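Notes for the one structure printed next.
The values are calculated or read from the model by the stated rules, or taken from the named source; none is laboratory data. What you see is a predicted model, and the numbers here were worked out from it, not measured in a lab. Note that we place each Cβ from the backbone using ideal geometry, even for glycine, and neighbour counts take in every protein chain shown. Surface areas here come from the heavy atoms of the whole protein model, side chains and all, with no ligands, DNA or RNA. Shrake-Rupley method; radii C 1.70, N 1.55, O 1.52, S 1.80 Å.
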Amino acid sequence: MKFNRTVSQTGRKAMAFTLAEMMIAASIFTIVIGGAIYSHLFGWRLNQWTAAKLGASDQSRIGFGRLQDEIRTAKNIIIGDVSGSTFTQVADGSSQQGSALQIYTSTNTNSFIRYYMPTNTGILYRTNTAVAGTRLVAQYITN
């Protein structure tokens, strides 16, 4: 057996990469990995943005679904306007339009649920006589 082969006998395949080839390969690898990382981070940010939008829509959908259920099960409903914490009923015989809706779930007139939207705010609130405080139902409402 002879082990004295020359460069021309072994060919180019048996030789190592040159420094220029290694630098080009490392640069291409760095660009590909950088692109993959950037794509991953872009997708993550887009997912966060979409989740926030969908969460807001879900909360509004839940709030309006609850309003719909309360209207369906109501014993009495009164339309009117709210000024501060004072509810003023729309007079009988006039157009039933107002910024508030007062829902009585029983025949007890001291127990009610009130939905109201202050003028030009686009925010719908819910208050209940059984539970203290006002709750935000939806915001950025138009029409």
| Options Arg45, Arg61: the member that is open to solvent by 90 Å² or more (accessible area, probe 1.4 Å), within 18 Å of Gln139 (Cα to Cα) and among the basic types (Lys, Arg) | Arg61
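Yes/no matrix, rows are residues, columns are (1) assigned to a strand (DSSP E or B); (2) touching a Pro at 6+ places or on another chain (Cβ under 9 Å); (3) at pLDDT below 85; (4) closer than 13 Å to Ile79 by Cα:
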| residue | (1), (2), (3), (4) |
| --- | --- |
| Gly98 | no, no, no, yes |
| Ser111 | no, no, no, no |
| Tyr115 | yes, no, no, yes |
| Pro118 | no, no, no, no |
| Gly122 | no, no, yes, no |
| Ala130 | no, no, yes, no |
| Leu136 | yes, no, yes, no |
| Thr142 | no, no, yes, no |
| Does Gly63 satisfy the criteria of being in a helix (DSSP H, G or I), at pLDDT 95 or above and among the small types (Gly, Ala, Ser)? | no
| request: State the number of residues belonging to segment 118-138 that are touching a helix residue (DSSP H, G or I) at 6+ places or on another chain (Cβ under 8 Å) and more than 16 Å from Gly98 (Cα to Cα). | output: 2
| remark: Taking segment 82-108 and the residues there that are touching a residue at least 24 places away in the same chain (Cβ under 8 Å) and among the hydroxyl-bearing types (Ser, Thr, Tyr), the one that is nearest to Asp69 (Cα to Cα) would be Thr105
| Residues in segment 66-84 that are at pLDDT below 85 and open to solvent by 80 Å² or more (accessible area, probe 1.4 Å): how many? | 1
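Conditions tested, residue by residue: (1) within 18 Å of Thr142 (Cβ to Cβ); (2) under 31 Å from the mean Cα position of the chain (by Cα); (3) surrounded by fewer than 16 Cβ atoms within 10 Å (Cβ to Cβ).
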| site | (1), (2), (3) |
| --- | --- |
| Thr86 | no, no, yes |
| Gln96 | no, no, yes |
| Gln102 | no, yes, no |
| Asn110 | no, no, yes |
| Arg114 | no, yes, no |
| Pro118 | yes, yes, yes |
| Ile123 | yes, yes, yes |
| Thr127 | no, yes, no |
| remark: When Ser39 is run through (1) in contact with a Lys or Arg (Cβ under 7 Å, 6 or more places away or on another chain); (2) open to solvent by 40 Å² or more (accessible area, probe 1.4 Å), the failure sits at (1)
| query | Name the residues in segment 66-96 that are aliphatic (A, V, I, L, M) and part of a helix (DSSP H, G or I), would you? | reply | Leu67, Ile71
| remark: Of (1) part of a helix (DSSP H, G or I); (2) more than 31 Å from the chain's Cα centre (by Cα), Trp49 fails just (2)
